[in-house]
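See below for the structure under consideration.
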Amino acid sequence: MNNLVCLSVDAMGGDHAPQAIVDGVDIFARQATGKVSKILLHGQQEVLLPLLAAAPDAASICEIRHTDSYVSMTDKPSQAIRRARGSSMWNAILAVKKGEADVAISAGNTGALMVLGKVLLGMVKNVHRPAIAASWPSPDGYSVVLDVGANVVCTAPQLVEFAILGEAFSRIAHQKASPSVGLLNVGTEDVKGNDIVREADRLLRGAGLELNYAGFVEGNDVSLGRTDVVVTDGFTGNVALKAAEGTAKLAAYVLKESLMSSPMNRLGAFLSQGAFRKLKDKMDPRNGNGGLFLGLGGLVVKSHGNTDGEGFANALRVARRISAANYMDIIQQNLEQFAKHQKLENQ
């Protein structure tokens, strides 16, 4: 395993770019000495230079790749592909294609990032659509949920491909030796769900895959960590992810209001600071930030668009961990086996 990697960063992508991007690189650089050879920072040089001057740790490992162009957060994928050539996002991915970098990272427009990733890097053999994998807090660490936004509608075979891709991501990102895989459904009984999820369940059970498949899981099982990987379509996954983040913010608000409501409660809050700090860290979406576009012919990590420096630093950590592992090798055997199974069924 090669511990020295080169990261290619879209410095202009995201709600708080480029400040949050440079802040994240600076935080990451202070903790990654000796593990990263270089960070290619794609964006407007005249904007990035003063930010790097105030962030010496970032400046020590960054090389600015100047471009005036960038993809807006509001651009539709169709618009982005027409005018993205030479943009900071395009150039960040292109560096991976050229072999100049191991992985690209962007907090920019999700749809545009997926389209540009497919255009520039292509797809892994036997994978038809990319998926975004997100790390979801659970009692024992993090579960992997996919897809969380790349594919609004999915076929049953695509869900099986997502299971293969997500299982490998869980092995690498969260060091799970044999991750359990569940298929998100409205119930755990065999008769529950629509035709697509029932067909995906049949394929996962009968295709001869080397997966620790646990069957259907329900929405409340995701946060409880019943399985290490939860597979669903991008529409359901994105709604579930944002609903969970909103619920966490509501719970934090109600808890804070309750603890500040009386002198006795404030005393209790003071005495429980350590426990509350642990809870805050566990529920902080920044600590799980950084989802891999699974299935592309190269490595592309997507950060939350509205994250700050701490969150972007975590996306960089995910990128470094993935790029230093043999992800493509891990998924190949199961993908080939599923392709053979599909061919036999279709004859």
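Things to note:
- Whether the stretch 8-145 is rounded, prolate or oblate, judged on the alpha carbon gyration tensor where a/c under 1.5 counts as rounded: oblate
- Interchain or long-range residues, amide H under 5 Å from SER180's placed H: ASP228, VAL229
- Part-to-part distance (alpha-carbon centres) for the stretch 180-210 and the stretch 53-88, which is given in Å: 40 Å
- Counting Lys and Arg as +1 and Asp and Glu as -1 over every other residue whose Cβ lies under 14 Å from the Cβ of GLN337, the net charge comes to -1.
- Anisotropy class of the chain from Cα gyration tensor, a/c 1.5 cut: oblate
- The chain, relative contact order [Cα under 8 Å, separation at least 6], %: 24 percent
- Restricting attention to the chain, close to 30% of DSSP beta bridges with both partner residues there are antiparallel.
- DSSP beta bridge pairing in the stretch 128-288, given as percent antiparallel to the nearest 5: 35 percent
- Projected-area mean, the stretch 36-102, by convex hull of Cα positions, square nanometres: 5.1 nm²
- Under the span-like rule (Cα at least 30 Å along the axis, Kyte-Doolittle mean at least 0.0), DSSP H helices of the chain: 234-259
- Cβ-Cβ distance of LEU255 and LYS340, R₀ of 56 Å, FRET efficiency by 1/(1 + (r/R0)^6): the value works out to about 0.60.
- A Förster radius of 22 Å combined with the Cβ-Cβ distance from ASP190 to VAL239 puts the calculated FRET efficiency at roughly 0.35.
- All lysines inside 25 Å of LYS38 as judged from Cα atoms, apart from same-chain residues fewer than 8 positions distant: LYS97, LYS98, LYS118, LYS302
Just so you know, all these numbers are worked out from the coordinates, no wet-lab data involved. Just so it is clear, the model here is predicted, and its values are computed rather than measured. Backbone-built Cβ (ideal geometry, glycine too); neighbour counts: all protein chains shown.
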